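Readers should treat all values here as calculations from the given coordinates under stated rules, not as data from a laboratory. Not measured: the values here are computed from a predicted model. Using ideal geometry, Cβ is built from the backbone for each residue, glycine included, and neighbour counts are taken over all protein chains shown.
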Amino acid sequence: MTKSILITGCSSGIGLDAARTLTARGWQVFASCRKPEDCARLKAEGLVSPRLDYEDRASFAPALEMVLAATGGTLDALFHNGAFAIPAPLEDVPAEAMDVAFQANFLGWHALTREVLPVMRRQGHGRIVLNSSVLGFIGMKYRGAYCATKFALEGWADVLRLEMAPENIHVSLIEPGPIDTDFRKNAIRAFERWIDWEASPRAEEYRATLLHKLYEGSEGNRFELPAAAVTDKLLHAIEAPRPRPRYFVTKPTHAMGALKRLLTTRALDRIVSRG
């Protein structure tokens, strides 16, 4: 029988690549987007695209109702994807900005999962895959808001994996490093919305280095991989008989995973503080 999957954040990048790839593999894909115009664009391409926005919990029930109506009340997999960064020193991130980041990057994921779990429990199986980051287990300067949401997600996923194992519901984390997406473009928008850098005690540091790093610094990253590299891990997480708890993607993620296991906290701090 055709298996079904709900994917969030499909307007571009990782979500869109996953939706296209899984559709080609015969999955019944529900490629959700936050904005109606993006849903319309995906529908014109032939994808089924309900509107679903982590910051708008009222969008969850209609999207899930549409999915269940199309599948006859089942859902085999949920791929949580779509998050944004507010690149700045933590002291410059307003509390309101942190509220929004946690809603979009973590709390909305929790709320949507709670809607999906009863469906998976009734059918006796399910796969929940969460697109995390190398910054979910390594902290780096000026990425504190994003790290905080991803560290929260990783602890949440570890507990959910333990709790749902008796229900035959598998929980997996994908932890990419640099991937060719609109992530930095979206981070710039968030920075310009929330960060009053000229009023910061670090204003001179912004002028000297931070603004350049934000607007130009990550171009040409030699470790960057296409979105398909994440989709490859997603395929294993939803199709393999024994999915892994974690999937590293990109050389930086593998390197940081090894360093975190091998080094003391102070030694690791010295390395990551250069980034």
Lysines within cross-link reach of Lys233: Cα-Cα under 25 Å, excluding same-chain residues under 8 positions apart? Lys3, Lys150, Lys185, Lys251, Lys260
Which chymotrypsin sites (Phe, Trp or Tyr not before Pro) does the stretch 194-236 hold that lie in a coil by DSSP with at most 16 other beta carbons within 10 Å? Phe223
To the nearest 0.05, the calculated FRET efficiency linking Gln123 and Ala44 through their beta-carbon distance, R0 being 41 Å, is 0.85
Rounded to the nearest 0.05, what FRET efficiency is calculated for Leu211 and Arg274 with R0 set to 30 Å and r the Cβ-Cβ distance? 0.95
Among Pro87, Pro62, Pro226, which one moves the most in a GNM of the chain with springs linking Cα atoms closer than 10 Å? Pro62
Taking every DSSP beta bridge with both residues inside the chain, roughly what % is antiparallel (nearest 5)? 5
Asn186 paired with Glu115, simple spin-label distance in nm, labels 7 Å along Cα-to-beta-carbon: 1.8
Which residue fluctuates the most in the chain, going by a Gaussian network model with Cα springs under 10 Å, if the choices are Arg184, Arg114, Arg222? Arg222
Considering only C-alpha atoms, what is the centroid distance from the stretch 40-98 to the stretch 242-264, in Å? 27
For His236, His170, His80, what's the fewest-to-most ordering of other Cβ within 10 Å of each Cβ? His236, His170, His80
Contour minus Cα-Cα span, Asn221 to Glu239, at 0.36 nm per residue, comes to 3.4 nm
Global size of the chain as Cα Rg and Dmax, reported in angstrom: 18.8, 60
